[in-house]
Amino acid sequence: MSTTIFLYGTLRHVPLLEAVLGRAVDDHELAVARLDDHRPHRVRGRTFPLLTAAPGQGAEGLLLRGLGAGDMARLRYYEGEEDYELREVAVRDGAGRQYRAEAFFACAGRWQAEEPWCLEDWLRDWAEISVMVAREAMAHFGRLASAEVALLAPAMERRAAAVLAARARASTAPAREVEVLARRRPYSRFFALDEADLRFRRFDGAMSPVQTRAALITGEAAAVLPYDPRQDRVLLVQQFRAPLFMAGDPDPWLWEPVAGYVDAGESPDATARREAEEEAGLTLDALDPAGGAYSSAGNSTEFVHLFIGIADFTTRAGGGGLDTEGEDIRSRSLPVGELFEALDRGRLRDMPLVALALWLGRHHERLRAAGSATG
């Protein structure tokens, strides 16, 4: 027995629908349809919609027909069995013919509706990211519960946004051929690990032998070194770093600049300001861009945007990180001279901090003079 579904939200985008179903969708399976007296509204804090009653209005969508049990299992998994439930609805096609179908409605009290949801806006801002996230999420189908995958969604979105940012990064280098024979993702949680069998065009013109390489797939990050030009002091944060501990480093509590991953849909500038408040209790007056770079190109996709954050340290309030992210952060301010001395003596162990200390050294007088003039 087959099922007919009315799609009113993001799954109207056929590439996303195919990523969820794990198969191609034929044109004969789809038909334009409308559900009267309802309208999709954006879910607060999310990019997808929910259906709400709206007398006299209508929700445009697609009918997806002939779905088997396997298709329905994948759709329920993607929508979230604790988030949405199926209800029967009566819809009309473009010719006015009426059909009975199922539609996903938000479970009572699960989400809060905001402004009306617009498919065109979502296609412009979120479609590419959502397709990549769906492919990664559905790779967990049959292995992880949908609720577990929902907890991983923000990390998946960060990774997808970072991939798009990398593709858009400007380059003046000539294109060189890379042939990928196979690609695997053996691990996907907060980070992902990809492994590929590939070969590339060598500088002498020949193709390299087939090589197996692995990469830690992460999101983009922003690192900001807070600087108070009136006091001529910087602020550092310290926290436990599990990779250092796992490597056997006897001191895995690392002094760093304020830093964090750029959320999907967020600018690096906004991330720097948000993290300064969360980790150090600082509201930044201004950001001085200090470039950006891949943090460890031999094994990671992480690209770090660097900033000096101008701030008044006397206004600090709060900080310490977020309990929801398991953060335990302390901070301290020190004279700029002490930072430069630590740099010269090789005592800084965090690469973004080293880069930002060097940048501050080159621009110290300019930043101090500008900050003093506005103080």
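The candidates SER331, SER171, arranged from most to least accessible area with a 1.4 Å probe in the full protein assembly, appear as SER171, SER331.
Only loop residues by DSSP count here, and only those with at most 14 other Cβ atoms within 10 Å; note down the GluC sites (Glu not before Pro) in region 75-147 that meet that. Kindly include the intermediate steps, with their values, before the conclusion.
Working: sites: GLU79, GLU81, GLU82, GLU85, GLU88, GLU102, GLU114, GLU120, GLU128, GLU136; in loops: GLU81, GLU82.
Listed in order of number, the matching sites are GLU81, GLU82.
Rounded to the nearest 10 square angstrom, SER333 shows an accessible area of 40 square angstrom against a 1.4 Å probe. Normalised Debye scattering of region 1-154 at q = 0.16, 0.19 Å⁻¹ gives log10 I(q)/I(0) of -0.90, -1.33, counting only Cα atoms as equal scatterers and leaving out solvent.
Scaled to the compact-protein estimate 2.2 N^0.38 Å, what is the alpha-carbon radius of gyration of region 98-207, rounded to two decimal places? Before the final figure, lay out each step's value.
Numbers: Rg = 19.5 Å, N = 110, 2.2 N^0.38 = 13.1 Å.
This ratio for region 98-207 stands at 1.49.
What does the net charge come to around LEU152 if you take all other residues with beta carbon closer than 11 Å to its beta carbon, with K and R at +1 and D and E at -1? Let's see the in-between values first.
Working: positive: ARG158, ARG159, ARG189; negative: GLU136, GLU148, GLU157.
The answer is 0.
Taking the convex hull of the alpha carbon atoms in the chain, what volume per residue do you get, in Å³?
Values: hull volume 76.4 nm³, N = 375.
Taking the convex hull of the Cα positions in the chain, it is 204 Å³ per residue.
Convex hull volume of the Cα atoms in region 1-70, per residue, in Å³? Mind showing how you got there, number by number?
Details: hull volume 7.1 nm³, N = 70.
In region 1-70, the Cα hull volume divided by residue count equals 101 Å³.
Springs join every pair of Cα atoms under 10 Å in this Gaussian network model of the chain, and among ASP228, ASP121, ASP249 the largest mean-square fluctuation is at ASP249.
Highest-first packing order for the peptide set 154-161, 68-75 is 154-161, 68-75, based on the mean count of other beta carbon atoms within 10 Å. Computed with a 1.4 Å probe over protein heavy atoms only, the accessible area of CYS107 comes to about 30 Å².
Is it possible to state the helix-based mean residue ellipticity at 222 nm for the chain, with each DSSP H run of 4+ residues giving -39500 (n - 2.57), the sum divided by total residues, to the nearest 500 deg cm²/dmol? What is it?
Numbers: 9 runs with 113 residues, N = 375.
Only helices count here, giving -9500 deg cm²/dmol.
Normalised by residue count, region 218-283 yields a Cα convex hull volume of 93 Å³ per residue. In a DSSP loop and with at most 11 other Cβ atoms within 10 Å, the trypsin sites (Lys or Arg not before Pro) in region 117-152 are ARG143.
The values are calculated or read from the model by the stated rules, or taken from the named source; none is laboratory data. Note that the structure is a prediction, hence the values are computed from the model and not measured. Counting neighbours? That spans all protein chains shown, and the Cβs are built from the backbone with ideal geometry, glycine included. Ligands, DNA and RNA are stripped out before the accessible areas are found, and what is left, the full protein with its side chains, is counted by its heavy atoms. Shrake-Rupley method; radii C 1.70, N 1.55, O 1.52, S 1.80 Å.
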